[in-house]
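Everything on this sheet refers to the single structure shown next.
The values are calculated or read from the model by the stated rules, or taken from the named source; none is laboratory data. None of these values were measured; they are calculated from a predicted model. Positions of Cβ are generated from backbone atoms using ideal geometry, with glycine treated the same way; all protein chains shown enter the neighbour counts.
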Amino acid sequence: MVNEQLAGTSNALFNAAFVTYIGAMVCYFFRLAFTKVSARGVTSSTTTGARIGWLATTLAMAGWGVHLASVVTRGIAAGGRVPWGNMYEYSSTMALLVVAVGLVVVQRRFGYGHLMGFVIAAAVLMMTSALLLFAEAGPLVPALNSYWIKIHTSAAMGASSIFIVAFAATALYLVKDTAERRVASTSTFSGSTVGAGSIVEADNRPVGYEADGGLEERVASPFAQRDTLSPVLFPLVPALVVVVFTLLVWRAPAPAIIAGGVAALLGILSWYAIPYLPVAAKLDNLAYRTTAFAFPIWTFAIMAGAIWAEEAWGRYWGWDPKETGSFFTWVLYAAYLHSRSTYGWRGRRAAWIGVVAFLALMVTYYAVNLFVVGLHSYAGT
Amino acid sequence: MTETLPPQERTEPRPGGFRLPEIPGPFETAVMAWRWLRRMSTALLLLFMLAAAAVLATFVPQEPVIARTVAEWRAGVAGPGEGWARVFDALSLFDVFGSWWFMTLTVLLFISLTGCLIPRYAAFAKVARRQPPAGRNLERLELHTTLETALGPDEALAAAKKALKGYRRRRTTSAEGTPQLAAERGHWREGGSLVFHTAFYVLLIGIVIGHSFGWTGQVNVVEGEAFTDTTLGYQAEVPGRFWDAGDHRGFTLRLDDFDVSYHENFVPADFLSTVTITQGHDEVVRGAPIRVNHPLVYEGMKIYQARFGYAPEVVIRTPEGTELFRAPVTLVQSGPIWLGREKVTPGNPATGAPQIAVELALIPDGAIVDGQLRINSPEARNPRLAISLYAGDLGLERPVPLANLPWREDQLVGQAMLQPGGTAEMLQGNLIVEFEGLPMWSGFQVSHAPGRGILLAAAILVLAGLIPSLYSYRRRVWVEASPHGGGSQLLLAGVALHRKPAFAEEFTRIRDRLATATNAHKD
């Protein structure tokens, strides 16, 4: 039933996609060095920059095609089933969706090519975790053998991948907003942070992205924003979070150090990228729009899961750790959406809720599957 | 003293801080509590507490889900230790979702929800009935444009009405008396949000009905045997508050056959119970399959495939042929082998008769190679049953699962390794133990869950409300038509109450639609 040769092909394609993505990520970040930013935040690439950007997009798209082939062959190799029957396949398919969301939504629809390095990095991290969770291609265990796996799991995967992109936007929003505030409080410019955090300003200036007119005079050079922030904490905090999380879940020091190193690199890159990032209000808007898109899908995933549980286990909700995890993730994302319409919670506070909600999503996915015994534990094997 | 003060000084504002603060009475307290609960930030706080409770319940084992792990935590075998377990017990952390504080949290959330919703219903009822308001000073709006058309004002506005499909439209006149079409859309944003939030009451009703009138039970049946759907027929049951013993359907379910097949990696590929249901004297369901994800429904009772295992038939008799024990013993999987214990005689302290029990270990198909157990297959192709006979004070009278009883080495009175049909003598030939056969057992979860339809309806309402509440935006558009030459000049203006940047693009599209509808050329 298992086609070993095809499974081998799938693994080779996975590795090829992995390497191509890393190349794309490096190009996306490298392009920043060839980008000019005007005081108004308008970016323009030099000829070299444009070429590197073109290469980055090409590599990302090529990697995506190879990755898609890997996922499809895996499904065929495992006996013609959906390619998300265990955590390795789930992580791989989720990374595939992250790149797709990045290319279609972030780069094409919103035009924020400078964020793509971070999006591809998220996909690469996801694929690294897939390698840690590698399982040979095999048929599904009976409990998973239902058409609900197509509905419930794909919805959960789709929503998660969009939440990952939303998190990248949220984290970068917090960085950019901090930088803008620092500049506003230290420079002689009259306090324009352009952030959603400054929705109500004393001088009744129009809000956020509408406030385009006159920005030139009000905003310091975006490079000044970077200078206001010390680059020390940027690599440290993400590295610490990732190392602790990896050690707790996998108890494997070597992957923890590598993952921590990657997180540190991303942290310092987010500092380096400050001048090139879209203004805070735009990042906040991207974070909100993606989260608002993923939230109904996540809601649907939980509902479909409840219906499946009713069919498979004879109860729609049993507070199994996975159910509980998906529930608190849902509650936190609901809190994020509510906080956006609560006075005094908009902007940074809402964004922090978004960060916590994302951590909850990661805990629900990794820690609950691998660490806690429950009905979803088989997903790890 | 205020009485001693001259009258003119009394009217002066008092300096703060020398009077006791007013202590609110019960009514004021209630009003304050209600106001506090109605605040959005309170709702957020309650949501965080709900999430925190759920996080705790994920990492602390929950008694209704995995009672065994909780018992281990309490005994200090697993988890952070006995002391912590006592703290957890005091805070009901082993049953978060059944605890009083979680109930309180849920009630507070629903009060908060009610407090938020009532004024919103009232406001929405008003807004939803109101016709789009007439626009004033349209040319001062950021988004406005003019078009010229050969149509007369009336005809132009009629065409505009068609072009603004999807909007709520009204013919009116501006303050200056110019004919105007006022249009508005996006009421579903608030309406959807109301539907979404209201759906949680429906969800609650469905859950309460399910818990009140529902019933869940578990039963293990050995091949060829049967159980009857009565309170006594099940090994464990969770009846709802209003479930009555008479609500059982009274059918008898016989397990005709159980089949399991494995993948090469010893993971079960499929397992299937074949059952026959008799009601009274009639076989109402004959040879029906039950497998995972495919339950059998009979008279509103759903029968699910849950667990399975081997149930070796063990006979213990005296050399004279008196049977002391004859039963299939249900074994549960423990790695590659199957384990189980069973009482043989409960003993009698008065006569001094000892308690006797057996402990079984089944190797379905394996061999000892170089002192290591090697499993060839998870299927019972070459089964070996290790029988250990224990006698003495085994604690069989204690309300503890047999598997958890600590039996001592010196209580072990006989051991044998048997093939099917094999016998062994124990206690110096005073007992004969036989491994008669190896049927399988199948575990069913049986449940009656009314209110499922309500839950499904609630789920649909949640989604049906959520999507417009996130993707519908309030917009107002006006078209004014004033006579101009042979035709008329149209002034189109619009304002967005949500998601303003996107409206600029939408406004361009509206202008194009209007131009096409009125055959106009743009300025």
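Side notes on the structure shown:
- Number of positions in the range B:243-277 that are within 14 Å of another protein chain (Cβ to nearest Cβ) and not small (Gly, Ala, Ser): 13
- Annotation for the range A:106-114: no member residue is among the polar types (S, T, N, Q) and not in a helix (DSSP H, G or I).
- Segments classed as helices (runs of 4 or more DSSP H), wholly inside the range B:34-119, with at least 3 members that are within 10 Å of chain A (Cβ to nearest Cβ): B:40-59
Matching residues to (1) assigned to a helix (DSSP H, G or I); (2) in contact with a helix residue (DSSP H, G or I) (Cβ under 7 Å, 6 or more places away or on another chain); (3) touching a residue at least 40 places away in the same chain (Cβ under 8 Å); (4) not assigned by TED's automatic domain parsing to the domain that holds B:ILE303:
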{"position": "B:ARG171", "(1), (2), (3), (4)": "no, yes, no, yes"}
{"position": "B:GLY177", "(1), (2), (3), (4)": "no, no, no, yes"}
{"position": "B:VAL195", "(1), (2), (3), (4)": "yes, yes, yes, yes"}
{"position": "B:ALA199", "(1), (2), (3), (4)": "yes, yes, yes, yes"}
{"position": "B:ILE205", "(1), (2), (3), (4)": "yes, yes, yes, yes"}
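- Residue count for the range A:116-156 under the criterion of being more than 14 Å from every other protein chain (Cβ to nearest Cβ) and either surrounded by fewer than 21 Cβ atoms within 10 Å (Cβ to Cβ) or within 20 Å of A:ALA259 (Cβ to Cβ) (or both): the result is 19.
- Looking only at residues of the range B:135-154 that are more than 13 Å from B:THR178 (Cα to Cα) and of a type outside the set (A, V, I, L, M, F, W, C), we find that the one that is surrounded by the most Cβ atoms within 10 Å (Cβ to Cβ) is B:THR149.
- Residue count, the range A:314-331 (criterion: among the hydrophobic types (A, V, I, L, M, F, W, C) and more than 7 Å from chain B (Cβ to nearest Cβ)): 2
- For B:ILE290, the criteria (1) in contact with a Ser or Thr (Cβ under 6 Å, 6 or more places away or on another chain); (2) of a type outside the set (S, T, N, Q); (3) closer than 23 Å to B:PHE435 by Cα; (4) within 14 Å of chain A (Cβ to nearest Cβ) hold in every case but one, which is (3).
- In summary, B:PHE444 fulfils each of the numbered conditions (1) more than 12 Å from chain A (Cβ to nearest Cβ); (2) closer than 30 Å to B:ILE387 by Cα; (3) surrounded by 21 or more Cβ atoms within 10 Å (Cβ to Cβ) with the single exception of condition (1).
- Lone qualifier among B:PRO399, B:PRO378, B:PRO406, B:PRO354 - being touching an Asp or Glu at 6+ places or on another chain (Cβ under 9 Å) and free of Cβ contacts under 8 Å to residues at least 40 places away in the same chain: B:PRO354
- The condition (being free of Cβ contacts under 8 Å to residues at least 40 places away in the same chain and surrounded by 14 or more Cβ atoms within 10 Å (Cβ to Cβ)) is satisfied by just one residue among A:GLY79, A:GLY49: A:GLY49.
- Once the range B:39-77 is narrowed to residues that are at pLDDT 85 or above and basic (Lys, Arg), the residue that is nearest to A:THR324 (Cα to Cα) is B:ARG74.
- Given (1) surrounded by fewer than 20 Cβ atoms within 10 Å (Cβ to Cβ); (2) assigned to a loop (DSSP other than H, G, I, E, B); (3) at pLDDT below 80, index of the condition A:GLU216 fails: (2)
- Filtering the range B:126-165 to residues that are in a loop (DSSP other than H, G, I, E, B) and either farther than 14 Å from B:GLN489 by Cα or not assigned by TED's automatic domain parsing to the domain that holds B:GLY494 (or both) leaves B:ARG130, B:GLN131, B:PRO132, B:PRO133, B:ALA134, B:GLY135, B:ARG136, B:ASN137, B:LEU141, B:GLU142, B:LEU164, B:LYS165.
- For the range B:490-514, the set of residues classified as under 39 Å from the mean Cα position of the chain (by Cα), charged (D, E, K, R) and either more than 13 Å from chain A (Cβ to nearest Cβ) or part of a helix (DSSP H, G or I) (or both) consists of B:LYS500 only.
- Residue match in the range A:11-25 (condition: buried (at least 18 other Cβ atoms within 10 Å of the Cβ) and within 21 Å of A:ARG226 (Cβ to Cβ)): yes
- A:SER92 fulfils the conditions (1) in a loop (DSSP other than H, G, I, E, B); (2) modelled with pLDDT of 90 or more except for a single criterion, (1).
- Taken together, A:ALA292, A:ALA304, A:ALA334 contain a single residue that is touching a helix residue (DSSP H, G or I) at 6+ places or on another chain (Cβ under 6 Å) and either facing chain B (nearest Cβ under 8 Å) or crowded, with 24+ Cβ neighbours inside 10 Å (or both), which is A:ALA292.
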